Structures are given as structure tokens and as C-alpha cells.
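The values are calculated or read from the model by the stated rules, or taken from the named source; none is laboratory data. On a predicted model such as this, the values are computed, not experimentally measured, just so you know. Counting neighbours? That spans all protein chains shown, and the Cβs are built from the backbone with ideal geometry, glycine included. Just the protein is used for accessible areas: all its heavy atoms, side chains included, with ligands, DNA and RNA removed. Shrake-Rupley method; radii C 1.70, N 1.55, O 1.52, S 1.80 Å.
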Amino acid sequence: MNIELVRLTGAYKEQLFDMLTEWKKDIVEHHTDMSPFKIWIHDFHDFDVYLEKLNAFDAEEAVKNGWVPDTTLFCLDRDRNIFVGAVNIRHYLNEGLLKTGGHIGDGIRPGERRKGYATAMIALALDECKKLGIDKVLMCCDKNNIGSAKSIMKNGGVLENEVEEDGHIQQRYWIAL
């Protein structure tokens with residue numbers, strides 16, 4: 001597996017459109033998860049605005065929405081030159097993220113799931129967390145998302161507890177770096 005995490009630039013517009021078009025179709029047809037949520041906040045069809053908003057941090061908007069500074073990266077399969085997933089790394093935790101959001105939100109596009117990408121992508125995201133000075137990472141997933149839980153545990157995640165939110169059970173895993 002030859003992957004890396006990259007920041008979105010104009011050079012990756014085609015890869016973004018390809019991935020999000022496939023993913024959006026799956027969300028509509030199968031009501032699948034939209035994680036990481038940050039890649040869905042703005043309409044990717046207006047690429048220039050999408051790119052600007054994805055990397056911008058508006059403190060006023062952040063406080064209003066309960067957000068913290070973050071970094072969104074896309075997982076590029078270098079051999080095929082396609083995006084296979086994305087991660088959103090929160091630089092620190094507020095009360096809401098400590099309860100169920102965690103430091104890392106991640107997702108793999110539907111056609112690339114169950115191939116080991118999530119586990120590898122999380123490992124790369126943990127390296128990014130180290131660069132930010134985070135020494136203990138919280139990752140959360142829906143209790144029914146067995147694949148996500150396995151990827152977290154393969155990266156050293158230790159289940160602390162389960163929390164109910166909006167009728168869903170979220171599992172909270174800590175990873176010591």
C-alpha cells in the first residue's frame with residue numbers, strides 16, 4: 001500500500017470530485033456515514049470556495065458551531081493517483097469532542113473499504129497528531145461500526161467506555177503516542 005496524507009490543492013480537484021461523487025451516491029442510496037464531517041460542510045462543486053473554506057478557520061463561526069482548530073487531509077493512493085479517504089484532525093478537544101468526537105474523524109470512500117486503508121490512514125494521522133504535540137489521541141466510533149473499531153484498535157486504541165448520544169452508542173478509544 002503506497003499512500004500518503006495530502007492537503008487539498010487545485011492539483012487534486014479531479015481526485016476530490018471522483019471520491020466525493022462516489023461517496024455522496026452511497027450516502028443517498030445506503031444512508032452511510034458522512035465521516036469526516038468536515039469534507040461535507042461545503043459544496044465541493046464550487047471547488048475554489050470549497051478549498052478556501054476547508055482550510056480557513058473562522059474563530060467566530062467555530063465558537064458558534066463548537067469547533068476547534070483542525071487540519072483536513074486526504075489519503076492519496078500514489079500508485080493509482082486517487083483519493084481513498086480523508087481525515088480531520090482536531091488540534092485539541094472541547095467538551096463536545098471529549099465526549100464523542102475525538103481528535104480524529106476519518107472515512108474511506110465506499111469502493112475502497114475493507115482493504116486496509118483505514119488502518120494505514122489512521123497510522124499516518126497519528127503521525128500528524130505527534131507533530132501537533134498531541135500525546136494522547138481520542139478516537140470515537142459508532143458501536144455498530146466494527147470495521148472502524150478494528151482499525152482504531154490496530155493502531156493501539158484502548159476502549160475507555162461507551163457513551164449514548166442521540167440514540168446512538170459511541171465507543172471512546174484512547175491511543176497513547
field: Share of alpha-carbon pairs per 5 Å distance bin for segment 77-177, given as whole %
entry: 2, 13, 24, 25, 19, 11, 4, 1, 0
- prompt: In terms of solvent-accessible area of protein heavy atoms at a 1.4 angstrom probe, what is the ranking of K38, K25, highest value first?
  reply: K25, K38
message: So for segment 68-164, averaging the separation of alpha carbon pairs under 8 Å that are six or more residues apart and normalising by length, what relative contact order in percent results?
response: 23
field: Dipole axis of segment 69-167 (+1 Lys, Arg; -1 Asp, Glu on Cβ), positive-most option in V87, I134, G116
entry: G116
- line: In the chain, whole DSSP H helices that both stretch 18 Å or further along their axis by alpha carbon positions and average at least -1.0 on the Kyte-Doolittle scale are 13-30, 117-131
- prompt: Using a simple charge model, +1 on the beta-carbon of Lys and Arg, -1 on the beta-carbon of Asp and Glu, nothing else, what dipole does segment 20-177 show about its Cα centre, in debye to the nearest 20?
  reply: 680
task: Just tell me the longest site-free run in the chain, where the sites are chymotrypsin sites (Phe, Trp or Tyr not before Pro) in a DSSP loop having at most 13 other beta-carbon atoms within 10 Å.
output: 93-177
field: Simple Cβ-charge dipole of segment 44-132, Lys/Arg +1 and Asp/Glu -1, about Cα centre, in debye nearest 20
entry: 520
- prompt: So which lysines can K150 reach, going by Cα to Cα under 18 Å and dropping same-chain residues fewer than 8 places off?
  reply: K115
